[in-house]
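All remarks here apply to the structure that follows.
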Amino acid sequence: MPSKPYQRQEVNTLLGRLAEPPRFLIFIAGPRQVGKTTLVRNALVQQQKTYHFIPVDQPDAPRLPGFMSAEEVAYKQDASPPDAAWLVSQWQRARAVARDSEEGHILVLDEIQKIPRWSEAVKGLWDADRAEGLKLHIVLLGSSPLLMQKGMTESLAGRFELIRVTHWSFLEMHEAFDYDLDDYLYFGGYPGSAPYIRDEPRWRNYVRGSLIEPSIEKDILMMTRVDKPALLKHLFHLGCNYSGQILSYTKMQGQLQDAGNTVTLAHYLDLLGNAGLIYGIQKFAGQKYRQRASSPKLNVLNNALMTAGSGYTKAEAKADRSYWGRLVESTVGAHLYNTGHPDCQLYYWREGSREVDFVIQGGRKLTVIEVKSGPGSGYAEGLDVFAESFGKCRKLLVGEGGIPIAEFLSHPAEHWL
């Protein structure tokens, strides 16, 4: 629990949607253990409508006191296994409450992607509600962004609004848990792990057992077809070891056993990115086809993924200047992706010996960023070379001799465009 009361800004976004007439399905999507369920519960208890909150993967689980309305208790009688018929049954009960209420009603389904063919069932039920003009808000949560996205785009296009929940930023972890910058660089932004950071072995066990393994096993391997699960797991660990570095698919094949072809590796890297684990940053080249064909720069999306299995304690990591520099760069990359996607596109750039760590693009605006984690680094010449090649852009030096790391991490990506 936070050391002091804390509420993420997405709570206010959700409250605003719930105060309006139900025009769209509301999707809350993001990686595992970033507080999606807590966020929704916080919003529910601050609004006036009755609501029905069901975790799909635990349909018979008892409710915590203070988080349910009287209607919720009635819903829990004779619960059925979570399939399409079960979903229809729960929806029908929510409709009955909504029809008897002037204010309307809210139905929340957590881990919706675990219901087979969920998006097709939701489409028919939602369209019927709109035809009736029913005052029933539907909030859907999921920790498998890939399956959520597939269902939304294939069956529910034009019927939903997405509230994207990302990993916690430095500012959030500082305000909620009193993290300093070094804490954030090493321990990352998982709120559930915050109580354990002064007991590092326990912290590492929690991250590996409660965050990494479920993210891979439950959110990827159980939810989508993966022909070589061992390869995907090895690719994850490779990405953690090489975070902040450019690594060609050919070199990946040399590092991995049973590596398959580059198309398979690229696909598995996309799966890891969609699960909020590791992102393969593409090279900025102006032409989309050249960007896609480039060697990716691997970047963890939460530094805890990188450090939990590194073998370093926090003190040892700080003592290794090269490794600490990679932590700083990985933190900046994760921050840009988590606070910018999908409105800001994230790239790197390199041509010969000249390079810049990150390029962010929003519409016609470009910003190039070089990260300096140690003294005596000097100005990054690559920033000027990039500007000569691609025209007008904003050039930023982050870290030693430039914008302080903590200040940079206190603003979203769009702020720096």
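The values are calculated or read from the model by the stated rules, or taken from the named source; none is laboratory data. Please read these numbers as outputs of a predicted model, since none were measured by experiment. Cβ atoms come from the backbone with ideal geometry, glycine included; neighbour counts cover every protein chain shown.
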Quiz item: Where in the stretch 256-366 are there helices (runs of 4 or more DSSP H), lying wholly inside it, with at least 1 residues that are loosely packed, with under 15 Cβ neighbours inside 10 Å?
Solution: 262-274, 288-292, 314-319, 321-340
Quiz item: Are any residues in the stretch 329-357 in contact (Cβ under 8 Å) with a residue 24 or more places away in the chain and more than 19 Å from the chain's Cα centre (by Cα), and if so, which ones?
Solution: TYR348, TRP349, ARG350, GLU351, ARG354, GLU355, VAL356, ASP357
Quiz item: Considering ASP258, ASP219, ASP270, ASP199, which residue is at pLDDT below 90 and more than 25 Å from ARG8 (Cβ to Cβ)?
Solution: ASP258
Exercise. Give the number of residues within the stretch 374-417 that are in a helix (DSSP H, G or I) and within 28 Å of the chain's Cα centre (by Cα).
Key: 8
Quiz item: Exactly one of (1) of a type outside the set (D, E, K, R); (2) assigned to a strand (DSSP E or B); (3) surrounded by fewer than 22 Cβ atoms within 10 Å (Cβ to Cβ) is unmet by VAL371. Its number?
Solution: (3)
Quiz item: Would the stretch 357-376 turn up any residue that is closer than 30 Å to GLU213 by Cα and at pLDDT 95 or above?
Solution: yes
Quiz item: Given the structure, is ASP219 under 27 Å from GLY142 (Cβ atoms), touching a residue at least 40 places away in the same chain (Cβ under 8 Å) and not aliphatic (A, V, I, L, M)?
Solution: yes
